[in-house]
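Computed from the coordinates by the stated procedures, all read-outs in this text should not be read as laboratory data. Worth saying up front: this structure is predicted, and the values here are computed from it rather than measured. Note: ideal-geometry Cβ built from the backbone for every residue, glycine included; neighbour counts use all protein chains shown.
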Amino acid sequence: MATVTKKSEKTARPQVRQTQCFIGGKWVPAASGKTFETLHPATEEVIAQVAEGDKADIDAAVDAARDQFDGGEWSRMDARDRGILMNKLADLIEQEADE
């Protein structure tokens with residue numbers, strides 16, 4: 001006979017995560033201050049409040065990326081070396097995919 005154990009209310013509820021936009025190497029709230037809820041598909045419980053990025057956030061992200069590209073090492077790096085780094089990144093992503 002199987003036994004069922006009931007989780008305490010504290011452990012049964014998922015922790016609601018707060019997420020922001022990653023712009024210029026920093027986590028920042030959406031420029032508008034707006035967020036939206038992400039729901040657990042099975043329980044429909046709120047599991048995250050996500051920053052609702054809009055045009056202002058996209059523009060800020062593109063500007064930050066352009067500044068970093070123009071002033072950083074990446075744009076001055078040999079294409080072959082960039083390819084080696086991209087392949088290393090792909091390998092790391094594949095290693096973590098199963099976890």
Report the net charge of residues surrounding LYS26, where surrounding means a beta-carbon distance below 14 angstrom and charges are Lys +1, Arg +1, Asp -1, Glu -1. -3
Which net charge results for the neighbourhood of VAL62, defined as the other residues with beta-carbon distances under 15 angstrom from its beta-carbon, given Lys and Arg at +1 and Asp and Glu at -1? -4
Note the full-extension length gain between ASP98 and ALA65 as 0.36 nm times their separation in residues minus their Cα-Cα distance, in nm to one decimal. 8.9 nm
